1. Being surrounded by 15 or more Cβ atoms within 10 Å (Cβ to Cβ) and either among the basic types (Lys, Arg) or in a helix (DSSP H, G or I) (or both) is the filter here; which residues of region 190-213 pass it?
2. Would you point out which residue out of Gln52, Gln143 is without any contact (Cβ under 8 Å) to a residue 12 or more places away in the chain and under 28 Å from Tyr35 (Cα atoms)?
3. Considering only residues that are farther than 27 Å from Ala196 by Cα and of a type in the set (D, E, K, R), look in region 1-59 and name the one that is nearest to the chain's Cα centre (by Cα).
4. If only one of Glu117, Glu49 is within 24 Å of Val20 (Cα to Cα) and of a type in the set (Asp, Glu), which one is it?
5. So His39 fits all but one of (1) touching a Cys at 6+ places or on another chain (Cβ under 7 Å); (2) in a loop (DSSP other than H, G, I, E, B); (3) not β-branched (Val, Ile, Thr); what number is the exception?
6. Can you tell me which residues in region 199-213 are at pLDDT 95 or above and over 15 Å from the mean Cα position of the chain (by Cα)?
7. Quick check on my filter: what residues within region 66-104 are out of contact with any helix residue (DSSP H, G or I) (no Cβ under 9 Å at 6 or more places or on another chain), of a type outside the set (S, T, N, Q) and without any contact (Cβ under 8 Å) to a residue 40 or more places away in the chain?
Amino acid sequence: MIGAQIQKLTEDLPQDVTLVAVSKTKPNSAIEEAYSVGHRDFGENKVQELCQKAEELPNDIRWHMIGHLQRNKVKYMAPFVHLIHGVDSERLLAEINKQGAKNNRVIRVLIQIHIAEESSKFGFSYEEAKALFTNENQYPNVQIVGLMGMATFTEDKTQITREFETLSTFYNTWKAQKDLSVLSMGMSNDYPIAIASGSNMIRVGSLIFGRRN
């Protein structure tokens, strides 16, 4: 079932869009089923769960940290994490850089931009991101590969489209200057709008693994 779902979803996506299967709270057996049909990108939002699964599952899985990340947890996944999606402050960026240096690797990250009208969402403002891009060379063990944004949780598709398109415009402004390649927007409920707005990475869980309890 999971394998069929992921194959169908992958076939329907444009070729340049990466599907991150959000496996948080799901058992290893569910991930193994998706893995068996060739899927390798999985997203977790809790560091402890991420590390445990990484230890128990095949080592060619690309693990994405997609949740809000506390600075004191970075060290646990720094040796192996493929991509950190939600870098929402300079202090977190500095900690990732420090742990990257300790592990002798450059850690790939996405800068999270606050695009929603909800105050509960995290992220840099556009002005803060602009300032960061102007002087980011102080983080030699971090590679900023792109941007991430989460739209307001609403039924208003016009608003969601506006938020995604504004982020897409900002991404395109900086793409060539900063060698960015990833625009991560869109989840199970809004990924078609995100892709139409320029997203090339989506985070989908319930459509693959079913509803969470």
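The values are calculated or read from the model by the stated rules, or taken from the named source; none is laboratory data. Only a predicted model underlies this, so the values are computations on that prediction, with no experimental measurement involved. Every residue, glycine as well, gets a Cβ built from its backbone with ideal geometry; the counts of neighbours run over all protein chains shown.
1. Tyr191, Ile193, Ala194, Ile195, Arg203, Leu207, Ile208, Phe209
2. After ruling out the rest, the residue left standing is Gln52.
3. Checking each candidate, the answer is Lys46.
4. Selected residue: Glu49, the only one of Glu117, Glu49 that is within 24 Å of Val20 (Cα to Cα) and of a type in the set (Asp, Glu).
5. (1)
6. none
7. Asp88
Every residue, every condition in (1) closer than 29 Å to Glu128 by Cβ; (2) among the charged types (D, E, K, R), yes or no:
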{"site": "Lys26", "(1), (2)": "no, yes"}
{"site": "Ala30", "(1), (2)": "no, no"}
{"site": "Phe42", "(1), (2)": "no, no"}
{"site": "Lys46", "(1), (2)": "yes, yes"}
{"site": "Ile66", "(1), (2)": "yes, no"}
{"site": "Asp88", "(1), (2)": "yes, yes"}
